[in-house]
Amino acid sequence: MSTHEKTNKLLVSFALEELSEAEANQVRTHLSQCEMCRREYNRLKTLLDNTEHVGQLTTDENIYESAQQEVFETVKNYQPKPNLSVPYFGRRLLWRTIMKSRITKLATAAAVLMIVSIGVFTSKPVYGLTDTIEAMEKIHFIHVFKYAEEGRINDEKWIEIDSNGYQARFRQESNNILIIDDTDKVIVYRKDKNTVILYDVNQKHYQWIANLGKLFRTLAGKGEKGSIEIERNVSFENMPAHRIHLTEWNMNVYIDPSTKLPIAIGPYIVNYENPPADIFAFDIPDGVLVLDKRPGANSIEDPDWMKDDELANRDFKKARQALAEGEYSEAVELFMRVVAIQPMRNWAVFWLGKAQHYLHQDKAAIEAFSDVISMFQKFGIETPYAHLARGLAYAFEGLYEEAKKDLTIALPVMIQALRNPKIAKDFDYADDPLYRDRNARQREMIENVCVMNMIHRLRQITSQKMGEDLSPDSKVPEEVIAAWENWYHTSGEIQVDFDYQPDLYIPEVPASEKDLCDRAVKFLLQGEGDISLLFSEAKQVQLKDYSVWSALGLGLYKEGMYVEALEAFQYAEQLEEKQDPEHIYGPITWQGHVLDLLGRREEAIERYESALKRYSRSSMYVEYGNFGIKIDDKWIQKRLEEPFDRN
Amino acid sequence: MSDGRFEKLVEEHSRLVLNVALRVLGNAELAQDVHQEVFLAIWRRWGKFNGDTKWNAYLYRAAVRKSLELARREKRMPVREQQDRTDINQERPDGALRTAELQRRIQQCLVRLPRRQAEVFVLARLEGLPYPQIARLLDCCESTVKVHLHRAVKRLAGQLAEFLE
């Protein structure tokens, strides 16, 4: 660092008279030679000199006496008003503040008059999403359930909401399973297997919708056009309601007009009553097998059904890989093994059908797709992607009437997806058995070509040619989308093109990135592997997944490799800026942590301040369960006050 | 009312709270609002305070925070009231006006600082408290106080550059 740079850094300290005599002399010498530093110093000095005289004290002694008397007078008349959202004194103070100037008095009077006259001449306010957002903030419990065909309650959940709007405790019960997640431990009671399994919350965590209020806030942020459609004053089960149609999920939410709270979300009925006492408690029934899987617990051998489940999980992973690689016979064999153990695993059944279809075993494929359609129809959920798949299987089997029925169900959703690509997600997931293995960047790539992929599917079932030369590198032209919409409204005729193979864009998962992901997570959870080697490899392949960089950062921190951890969190920050900016305060805060541990307090503070700036909404947090750390604004504020300490 | 302890607290510490508020806000009426809010907040929770409360530190913090909060709530900074004091910029005919304008702008920029920086700046430069005392008041270490103060100074100097030439 040059003398100029060094001295420049000392200017503030010099202006504040914090330097030793020797340092101060050095600065003086430099100032005599450097005009730029001299000007900067003069600005600092002027600022500091003038600050001393900012807000000079009054010479009027009465002000102290009258202030005291005002306090005593107010205290004498104090009556607590716990139901007010604004504290009693605050409101009085606010009124006093408003009334202090003539202009604001007039303005306030005018505003009051306007509000009164609006109240007289107009009907009650129109419902908006913000009403539901505000109503959700007062909720403590959510009771959610579905009605089974015979009218019984099914798939019942109780959720306790904490003061930040997030799930505090969770309880789910259906015919075969009871789950209680009380944020300390998770209890899974497999009634069908007469077994209770205990987990630590870091091993398994159940939640319904993490923050229901957030869902509505997000929707409100997107506005009423496009992602949602609000239809006011409809009815739901003979009760007045407003309907919010979520176009992305093709799902309806019904709102009670008086409470503004959801009464139904998709197939679920929603209530807000207090649960029965001890709903989140659990007494282990007599005679059940108890498996305690928590760290440090005495382990006993897993029962056979659990070993089978593990096997099924491993086969499922291999089967997806085989299907993606075109090894259809192997995929069929593996999926059949999975389905034999887990017959209700819908994606296993669906992809079994896909593999069979590719092997021209369409009778078997039809059966598989039919199973999937039935599984969801029981709950009132449509599966247009499964109707598309079954429709094609029928067509290839020569059963054209049945094919037409299925494809006619799928077609309108496919056309809608041209304007709302997120509707197409299930279709892309259905065609990409490795989707869940992809990193954020690859998923983004797939989402970007949703519309192009959907046009390929449409071409196959309609024999129309619109959109012949589409490329994954450019957006689908508006005229192509308009042509499809026009065709649908004027014709919409199903005609399968048996020779057309949809050229769907499905990126390959680079083996090295995927492998790195797996190994990073393994190190973090089980301590297996060499984190320093992983870090080097990640840099070599220029890993583009922010979550893996964060995982590497945590692993390096765990090992005390703080310099490397800092670098990893910096990569995570750069990538998260594009991929998940809402939570970017997480890796930024971690940079602060490791900087504190490295004794670089000033830089750490800068990172915490930056993290706080990026913390956009109260009640958000990022949890690092393995380290017992929950980063929210309060955590970051504390770090500004005291350095991070591993202990 | 209480057994006289609350009244004693108000009598002994009114000046401290009002002076802090006056320095930050430069306006007697707003300073009285801060005074009211601070003590009435204490009164509402009076039963929760034990004999160990360090009132000086508590009230300093509360006064600084409330003052900055109120300043932010105000749509525009109040005009500084006329005071008897020595102007710094006496060599220019409009020295007094210029100084008053600069000080008003310092107040405006002060409340826009990050909260911690604003608090440290008020305590160090307006109240003239030494760093160890500020560190105790804000429950942090001295080095942190220095960092916040330096950043506040740099930021203010940057924002007010044209007025500081």
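The values are calculated or read from the model by the stated rules, or taken from the named source; none is laboratory data. All values reported here derive from a predicted model rather than from experimental measurement. We place every Cβ from the backbone using ideal geometry, glycine too, and count neighbours over all the protein chains shown.
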- Residue hits (region A:237-260; out of contact with any Pro (no Cβ under 7 Å at 6 or more places or on another chain), part of a loop (DSSP other than H, G, I, E, B) and more than 16 Å from A:Val144 (Cα to Cα)) are A:Glu237, A:Asn238, A:Thr247, A:Glu248, A:Trp249, A:Asn250, A:Ser258, A:Thr259, A:Lys260
- Looking only at region A:261-284, count how many residues are assigned to a strand (DSSP E or B) and surrounded by fewer than 17 Cβ atoms within 10 Å (Cβ to Cβ). 1
- Odd one out for A:Ala348, checked against (1) closer than 30 Å to A:Ile269 by Cα; (2) touching a helix residue (DSSP H, G or I) at 6+ places or on another chain (Cβ under 8 Å); (3) modelled with pLDDT under 95: (3)
- Message: I want to confirm something. Restricting to region A:547-597 and keeping residues that are among the charged types (D, E, K, R) and touching a Pro at 6+ places or on another chain (Cβ under 8 Å), which single residue is farthest from A:Phe535 (Cα to Cα)?
- Response: A:Asp596
- Message: Being among the charged types (D, E, K, R), surrounded by 20 or more Cβ atoms within 10 Å (Cβ to Cβ), more than 19 Å from the chain's Cα centre (by Cα) and modelled with pLDDT of 85 or more is the requirement here; does A:Arg600 meet it?
- Response: no
- How many residues are outside any helix (DSSP H, G or I), buried (at least 21 other Cβ atoms within 10 Å of the Cβ) and facing chain A (nearest Cβ under 7 Å) when one looks only at region B:1-49? 1
- Message: Name the residue that is nearest to A:Asp545 (Cα to Cα), counting only residues in region A:477-525 that are among the charged types (D, E, K, R) and at pLDDT 90 or above.
- Response: A:Glu478
- Message: Among the residues in region A:453-471, are any under 26 Å from the mean Cα position of the chain (by Cα) and touching a residue at least 24 places away in the same chain (Cβ under 8 Å)?
- Response: yes
- Message: If A:Ser374 meets every condition in (1) over 17 Å from A:Phe427 (Cα atoms); (2) buried (at least 23 other Cβ atoms within 10 Å of the Cβ) apart from one, which number is that one?
- Response: (2)
- Query: Out of (1) modelled with pLDDT of 90 or more; (2) surrounded by 13 or more Cβ atoms within 10 Å (Cβ to Cβ), the odd one out for A:Ser258 is which?
  - Reply: (2)
- Message: Of everything in region B:106-165, what is within 16 Å of the chain's Cα centre (by Cα), more than 7 Å from every other protein chain (Cβ to nearest Cβ) and not in a helix (DSSP H, G or I)? Give them in sequence order.
- Response: B:Leu113, B:Glu127, B:Gly128, B:Leu129, B:Pro130
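Residues are listed down the side, and each one gets a yes or a no for (1) over 30 Å from A:Ala403 (Cβ atoms); (2) of a type in the set (D, E, K, R); (3) surrounded by fewer than 14 Cβ atoms within 10 Å (Cβ to Cβ):
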{"residue": "A:Val451", "(1), (2), (3)": "no, no, no"}
{"residue": "A:His456", "(1), (2), (3)": "no, no, no"}
{"residue": "A:Ile461", "(1), (2), (3)": "no, no, no"}
{"residue": "A:Lys465", "(1), (2), (3)": "no, yes, yes"}
{"residue": "A:Trp487", "(1), (2), (3)": "no, no, no"}
{"residue": "A:Ile506", "(1), (2), (3)": "no, no, no"}
{"residue": "A:Leu524", "(1), (2), (3)": "yes, no, no"}
{"residue": "A:Ser536", "(1), (2), (3)": "yes, no, yes"}
{"residue": "A:Gln540", "(1), (2), (3)": "yes, no, yes"}
- Scanning region A:365-403 for residues that are of a type in the set (Phe, Trp, Tyr) and under 31 Å from the mean Cα position of the chain (by Cα), which turns out farthest from A:Val349 (Cα to Cα)? A:Phe379
- Item | Among (1) in contact with a Gly (Cβ under 7 Å, 6 or more places away or on another chain); (2) closer than 22 Å to A:Gly527 by Cβ, the one test that A:Ala611 misses | (2)
- Message: So, in region A:359-390, how many residues would count as being at pLDDT below 90 and closer than 22 Å to A:Ile455 by Cα?
- Response: 1
- Query: Could you give every pair whose Cβ atoms fall below 7 Å, whose first residue belongs to region A:629-647 and is part of a helix (DSSP H, G or I), and whose second residue is loosely packed, with under 13 Cβ neighbours inside 10 Å and of a type in the set (D, E, K, R), counting only separations of at least 6 or pairs across chains?
  - Reply: A:Glu641/B:Asp139
- Item | Evaluation of B:Gly158 against (1) in the same structural domain as B:Asn27 (by TED's automatic domain parsing); (2) loosely packed, with under 14 Cβ neighbours inside 10 Å; (3) at pLDDT 75 or above (one fails), failing number | (1)
- Residues located in region A:354-374, provided they are part of a helix (DSSP H, G or I) and either farther than 13 Å from A:Arg390 by Cβ or not assigned by TED's automatic domain parsing to the domain that holds A:Glu397 (or both): A:Ala355, A:Tyr358
- Note on the structure: Screening A:Gly296, A:Gly326 for residues that are small (Gly, Ala, Ser), at pLDDT below 85 and either crowded, with 16+ Cβ neighbours inside 10 Å or farther than 29 Å from A:Glu173 by Cβ (or both) leaves only A:Gly326
- Task: For region A:381-398, enumerate the residues that are more than 17 Å from A:Asp371 (Cβ to Cβ) and surrounded by fewer than 18 Cβ atoms within 10 Å (Cβ to Cβ).
- Result: A:Phe396, A:Gly398
- Task: Consider A:Lys9 carefully, then state whether it is closer than 16 Å to B:Arg155 by Cα and at pLDDT 90 or above.
- Result: no
